[in-house]
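The block underneath contains the structure these notes are about, expressed in C-alpha cells.
Derivation of every value follows stated rules applied to the coordinates shown; laboratory data play no part. Quick caveat: nothing in here was measured; it's all calculated off a predicted structure. Here the Cβ positions follow ideal geometry from the backbone for every residue, glycine too, while neighbour counts run over all protein chains shown.
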Amino acid sequence: MRIVIIGLGVQGRKRRAVAGDRVVAVVDPVAAGVDFKTIQEVPLDRYDAACVCVPDDAKVPILRHLVSNGKHVLVEKPLLAPANEIRELIAHAQRTKAAAYTAYNHRFEPHIAKVKQVVDSGALGRVYLTRIFYGNGTARDVRNSPWRDQGAGVLPDLGSHMLDMAHFLFGAREDFGRVWSANRFENQSPDHVIYGFDGPAVWEMEATLLSWRNTFSLDLYGELGSAHIQCLCKWGPSTLTVRKRIFPSGRPEETIETLEQPDPTWRLEHDHFLALARTGGTNWDNDLWIGAHLDALKTQLPPP
C-alpha cells in the first residue's frame, strides 16, 4: 500500500519512520524538503492511503478529499468536528469503501491490552472506580506554539486519550462527565484539568502539562479485585499489578508484570491500519462519542 504523509511535524515524522518504504510522498505547507504543499496537488493514482498529522482545524477538508476519492485514512487524534461533518465523512468512506481510522495508539499498549482482557474475563467483577492520570511536562512547549496554546488546551489533547481508553475498556456510557477542577497555571489554555463521571461506575481523570516527569497511571477497583498500571512503555519500565480480593478482608493475592522495551504501539497500530485497509471499516463513531463528551466538558471550563 502506497502512503502519503500529510504534515511533517512530530507525529508525521513518527508515521513516516514506521511506514518506511511504503511512503511515496510527503505533504506539508511550510516544511522544507517535502514533495507537495497540499494533498490536492498529489495525483490520485500515486497513492492508496494517507496518514493525516495536521492541526485539528485543518483535518476535515483534507479528510473529505481523501475518503471521497476512496483513499484509506489514518488521522491523528482527536478528530474534533461537528457531528454532522463527521457523519458526512463516514458516509463518504462507506460509499468509497475507504478505511477511516483515528489513531489512539494507547489501545495497543501491552499492559492496557492485558487489562482489557482482565476486565472482559470478569476477574475484577463489577468495577466500581476507574482512575487515570496522564501528565507530561510540555507546558512551556505548548505556550510557545502559536496553534497549540488555545481552546480547551490539555483537555482534548491528553483528555481525549483517557476518554478513549475508558471507552475501550468498558464501552460507551450515556451520562456526561463533570469538570471538577481546571487551571491555567502557565498557559493561556487549560494546562491542568481534573474531570470525571459519577457512579455507579465512577471514572476519575486528571490531565496535566505540568508533570515534570512524564507519568501515566491507571487504577481499576472492582468487587473481586483490582488492576494497576504504572507508566507506559515509552517512558518505562511499565508495571502491571493485578490483585485478587480476599474475603472478608486480608492481603490480596497479586501478580506483577514489568516490561522494559521500546514503545511498540506505533508499529502495532500501523499494522492494524494496514489490515483495516484490506477489509474497510471505520472507528469514527468512536469520535462522535468522544467529541460529544469533550463538548460537554468544554462548556464547564472557567473563562480565561
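For segment 225-283, state the semi-axes of the equivalent ellipsoid (square roots of 5 times the eigenvalues of the alpha-carbon gyration tensor), sorted largest first and rounded to whole angstrom. Could you put the intermediate results ahead of the total?
Working: eigenvalues 234, 58, 10 Å².
Output for segment 225-283: semi-axes of 34, 17, 7 Å.
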Check: Based on the Cβ-Cβ distance from Asn84 to Gln188, what FRET efficiency comes out when R0 is 30 Å, to the nearest 0.05?
Finding: 0.55
Item checked: Cα extents of segment 106-263 along the three principal axes, largest first (Å) -> 53, 38, 26
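Less than 14 Å Cβ to Cβ from Pro264, Lys/Arg counted +1 and Asp/Glu -1: what total charge do the surrounding residues give?
Working: positive: Lys14, Arg107, Lys114, Lys234, Arg267; negative: Glu109, Glu260, Asp263, Glu269, Asp271.
Once all neighbours under 14 Å are counted, the net charge is 0.
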Checklist line | Net +/- balance of residues flanking Lys14 in space, Cβ distance below 13 Å, scoring K and R +1, D and E -1 | finding: +2
Checklist line | Alpha carbon centroid spacing (whole Å) that separates segment 11-59 from segment 179-252 | finding: 35 Å
Item checked: 0 to 90° range, to nearest 10: angle between helix 265-279 axis and the chain longest Cα axis -> 60 degrees
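Just add up the charged neighbours of Ile86: K/R +1, D/E -1, any other residue whose Cβ is under 10 Å from the Cβ of Ile86. Spell out each step's value before the answer.
Numbers: positive: Arg87; negative: Glu85, Glu88, Asp285, Asp287.
So the surrounding residues net to -3.
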Margin query: As I understand it, the value is the acute angle between the Cα axis of helix 10-19 and the longest principal axis of the Cα atoms of the chain; what does it come to in degrees, rounded to 10?
Written below: 80 degrees
Check: When the helix-only estimate is applied to the chain (DSSP H runs of n ≥ 4, each -39,500 (n - 2.57), divided by the residue count), what is the mean residue ellipticity at 222 nm, nearest 500 deg cm²/dmol?
Finding: -9500 deg cm²/dmol
Check: Using a cut-off of 29 Å between alpha-carbon atoms, which lysines can reach Lys59, once sequence neighbours fewer than 8 places away in the same chain are excluded?
Finding: Lys14, Lys37, Lys71, Lys77, Lys97, Lys234, Lys298
Notebook entry, point to check: Long-range amide H contacts for Ala50: which residues qualify at under 5 Å (H placed 1.01 Å from N, peptide plane, sequence gap of 5 or more or a different chain)?
Noted result: Val4, His72, Val73, Leu74
Next item on the list: Grab every C-alpha pair in segment 3-103, bin the distances at 5 angstrom width from 0 up to the longest one, and report whole percents.
Entry: 3, 14, 26, 27, 18, 9, 2, 0
Notebook entry, point to check: Once the dipole of segment 3-103 is set up with Lys and Arg at +1 and Asp and Glu at -1 on Cβ about the Cα centre, which of Val75, Ile39, Pro29 lies farthest towards its positive end?
Noted result: Val75
